[in-house]
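Please read the structure below before turning to the comments.
Every number in this text was worked out from the coordinates using simple rules, so none of it is lab data. Predicted, not measured: the structure shown is a model, and the values here were computed from it.
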Amino acid sequence: MLSIGNQPAENHQVYTDADTWEKFARHTQIYKSLANYTRSIVKENSENGTPVMRPLFLHYETDPGSFREEHEYLYGPDLLVAPVLYPNTVHS
């Protein structure tokens, strides 16, 4: 049977366990610390049309690898976002 509507009891919630709650708190702090940066890049977007989330080649057009990257992107001109795609991944 297809469920309709919001069903928190059926889905993991931020308050489901202590680990999730701690991670949520940490990410909330990161979000808050980026407020001024986010405001500035959103303003840049509204004034110049420069995307907030940017493909690498926008800033590194002479690097051929920047055109092949499928998962990494820049958040504004200064922050590289590189998602972790596989469990137990260790930075080398």
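Things worth noting here:
- Degrees separating the helix 18-33 axis from the principal Cα axis of the chain, which is the longest one: 30
- Whole-number percent relative contact order across the chain, with pairs defined as alpha carbons under 8 Å at least 6 apart: 15
- On full extension, the segment bounded by residue 86 and residue 44 gains 11.8 nm, given 0.36 nm per residue less the C-alpha separation.
- Cα long-axis angle, helix 35-48 against the chain (0 to 90 degrees, to the nearest 10): 50
- Cα gyration tensor shape for the range 17-81, rounded if a/c is under 1.5, else prolate or oblate: oblate
- Segment residue 60..residue 30, full-extension length gain: 8.2 nm, with 0.36 nm per residue of separation and the alpha-carbon distance subtracted.
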